[in-house]
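Step one of this worksheet: look at the structure below.
Where a number appears in this text, it was derived from the coordinates with a stated rule and is not lab data. Computed from a predicted model, the values in this text were never measured in an experiment. Positions of Cβ are backbone-derived with ideal geometry, glycine not excepted, and every protein chain shown enters the neighbour counts.
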Amino acid sequence: MFKIDKKYVLSWLFFLLLYVTNGVAQSGGIIKGVVLLDNGQSAIGATVEVKGLGVLAVTDEQGAFSISNLTTGSYEVLVTYFGKEPVSKSVKVSDSAMSSLHYVLDVDQVHHLSEVVMTMKSENEKAKRAIVKAEIVDTKAVQEQAVTLVEMMNRSAGIRVRQSGGLGSNTNIVLNGFQGKSIKLLKDGIPLDYLGAGYNISSTPVNMMERVEVYKGVLPTTIGADALGGAINMVSKKVNDRSVAVSYELGSFNTHRVSFNFNHTSDDNRFFIGTDLFYNYSDNNYRVDARVVNPETATVDVERVRLFHNRYRQFYSELYGGVYNLSWADELRFGINSFLVKRDNQFAALMERPFGASYAEEKAVAIPTLRYKKSFDEGKGQLDQFFAYSEIKGKQVDTLRGSYDWHGQYHPPINTGSVGESGRPTLANLTFTNFTSRTGLSYQLSDRHRIDMNVVINDYLRKGSDVYGPTSIGDHPVDLLSLPAEYTKVVGAIGWNGVFVNEFIESLLQVKYYMTSARGQEVNGRTGYLKDQTSRAESSKFGIAQSLKLNITEASYLRLSGELATRLPDQTEILGDGSYILSNTSIKPEQSINFNVGFTSQLGQKWTVEGNGFYRLTEDMILTAPINLIFAQSTNVESVKGIGVELDLSYVPWSWLTFQGNITYQDYRLFDIQEPLMKYLEGARLRNTPYLFSNLGATFQFSNVLSRQDALRAYYNFSYVHAYYLNYIPKDAEPGGLLGLWGKAKVDAPNIIPSQAVHNLGVLWKPKQSLPLTINVECKNILDSNIYDNFKIQNAGRSFHVKLSYMLNY
């Protein structure tokens, strides 16, 4: 059994302290710096020359440069950018030390060349071209728009993010046929468990992120997660500059969203401080079609009503600071996170019965984090160590005596002793503690071979109490929620990257190890008495993955990958959430054999074509689904297999116009059902899982429209999801026709989640190119269509949004 204790933490801290105090000697002095334009943009591709030595460097996409191995002395450093007269600065260099320079170039004095050809790969492009491909959701490109991360992801091929009702609601991610916890969520490569509900794809503003990387199937070694079907990595903004950004969004349903970002790097590029803050509020009081009981006839009628107890409030802050480019650390970053989330419960797992008083709350006062990065052996090796410890307080409240109807009217209880709108009252106070350690180690064996290692350790403990909750029987009954529940998970991976046949073949071979240990005290199901001994459950498994990339041309490449993957159940799936998700200690790990093939080609400067196919054979897939009108539970589905294809196109006919579109079809079905009473579902599609969806989008960009030197961007997006089924239906009850896309299903209407089409239109205006202010107006769901999402919960209709953004680099 593996157990995290203080000795483990202290040993790691001692290792870091020893490494820091010993340091790593540099072979010479270093000059680092940054080159910016006076409008705050980075001067990408500027040439930096140490005069008299002939030493050159080129600035990257942040305008940064570095020149090393310089002897002690004074130097003149010249910067040239797109034909501008070189700008020179003097600098003194000491051995084993670093000097910094900061250049700001006047845009008006830049002489544009008649023809310039420059090829540089951005971080986004590098991720797209890696052996293990990432679908890049470029949040930086849309950070001024009134768009949510869920909307952005839903515009990508192979991805559907379903919500259970408005801003901040729970989400369920479908990615190449997998869904739920099979998809791992990360922030900067670190699993998000330590941040609870404070940082999530449902409500975190796109302003907080540089980009989002979506991995389908095999994960890179540097992301050591037990994700069965892929992972979503939210990459924070880079902080090696000086900037301030503020945004405010006002939307329908009394929605307010505020974000603030600040970061400052010292002149010598050694120290940095910053903060990320955001606040979300929404009444989420949109109209829905509800099944309303007629009190006189006791019949059920469908009526259009407005949600009345669906508010969402969230505050999140992260303060950080640290040092760069020292002899003993490339980066040492300290952070403190805090958050508060409060959500009204308008309904439970299904939208069948309205609640008027129940709510949930989660908060953390201070979550400390530490990240340390250091290169060694002349840059061949890289160490990346992360620690986080969180203590999150949670509350679930359902203590109302009486009930509410869909019109928001309160009704006193018929039975004065009844408590709780759900039928199961709760006043649960929960404390979740989480220790996360992530160790990444990389070593470049040669210019063609590299070894990566990654180990993630997560130790989780839940304590709580509930005066209305279940208890053991006997003379001294015990609140079952007060019994401690511990969960430890270790995921390790080692990968070998190789390049062969004159860079035609790139290969990644990985071996992974998974271990889990759950501990807790349980009640004997037959007697109701508390068991004397602590229950323990442990498991461990190995996995293997192989990925290949064939570089056919510079702009065309083929990817192949296969994997034997394991996904360990997480703490909520095993232990429940103390509210509407019940525990299931008998749940088993998921296992899957996955194969992926993909082709990408850029046809000239106008067309980009990408196609992907995938096959999954999964045992014990874990799905969380309702077991009645109130509660849901995570269970294993015996066996699932399926295939899927997706096609993604991009067309740029002119510099001011871009078209994008994609379509995804996936066919996942139950097979080899052993339960005799369930044999009739052999070959049935996975329930609550869309199998055909597509997107279209167009972006128009103009300048000098309303005034001189202004910029205008108009955009349109269309999304379509084909009808699918809330619960399993026999295969012979599906519609006929090609791929089951035509005809009518032989099932009751309540079991059908109907086809839906959504149109969005927006305009973004920048009054002056040199002014760091933008104004965005957007209308979502223009035709006010009914949108049904996870478990057929209805989402908002037509809504209007206005967003103001101010971003300044100084």
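Tabulated values for the structure
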read-out: Inter-probe distance in nm under a simple model that places probes 7 Å from Cα toward Cβ, at ARG306 and PHE260; value: 3.2
read-out: Unsatisfied cross-links (Cα-Cα over 18 Å) in the set LYS489/LYS588; LYS140/LYS374; LYS32/LYS92; LYS181/LYS342; value: LYS140/LYS374; LYS181/LYS342
read-out: Alpha carbon centroid spacing (whole Å) that separates region 593-623 from region 330-345; value: 34
read-out: Value at 222 nm in deg cm²/dmol, rounded to 500, when DSSP H runs of n ≥ 4 in the chain each add -39,500 (n - 2.57); value: -1000 deg cm²/dmol
read-out: Point-to-point label distance, VAL511-ALA757, nm (Cα→Cβ direction, 7 Å offset); value: 5.4
read-out: Region 368-477: equivalent-ellipsoid semi-axes (sqrt of 5 x gyration tensor eigenvalues, Cα, Å); value: 54, 18, 11
read-out: Vicinal HN-Hα couplings computed from phi for region 539-546 (Karplus, 6.51 cos²θ - 1.76 cosθ + 1.60; Hz; Gly/Pro x); value: 7, 8, 8, 10, x, 9, 8, 10
read-out: Principal-axis tilt of helix 6-22 within the chain, Cα atoms, nearest 10 degrees; value: 10
read-out: With at most 16 neighbouring Cβ atoms within 10 Å, loop GluC sites (Glu not before Pro) (DSSP) excluded, longest segment of the chain; value: 116-295
read-out: Alpha-carbon centroids, region 64-80 and region 272-289: separation in whole Å; value: 46
read-out: Rel. contact order, % - alpha carbon contacts under 8 angstrom, at least six apart, the chain; value: 9
read-out: Calculated Rg and Dmax of the chain using C-alpha coordinates, Å; value: 27.9, 95
read-out: Residues of type aspartates and glutamates that LYS803 reaches as a straight line, Cα spacing below 14 Å, ignoring anything fewer than 8 places off in the same chain; value: GLU144, GLU249, GLU778
read-out: Convex hull per residue volume in Å³, alpha carbons only, for region 336-422; value: 141
read-out: Bridge type composition, the chain - antiparallel percent by DSSP, nearest 5; value: 95
read-out: Overall dimensions of region 402-528 by Cα: Rg and Dmax, Å; value: 26.1, 80
read-out: DSSP-assigned coil residues among chymotrypsin sites (Phe, Trp or Tyr not before Pro) in region 706-775, each with at most 13 further Cβ atoms within 10 Å; value: TRP742
read-out: Whole-Hz couplings from phi, Karplus 6.51/-1.76/1.60, listed for region 771-788; x for Gly and Pro; value: 9, x, 10, 10, 10, 10, 10, 9, 10, 9, 6, 3, 8, 6, 6, 6, 10, 10
read-out: Label point distance in nm, PHE700-LYS89, each placed 7 Å from Cα along Cα→Cβ; value: 4.4
read-out: Region 420-489 versus region 370-402: alpha-carbon centroid distance in Å; value: 13
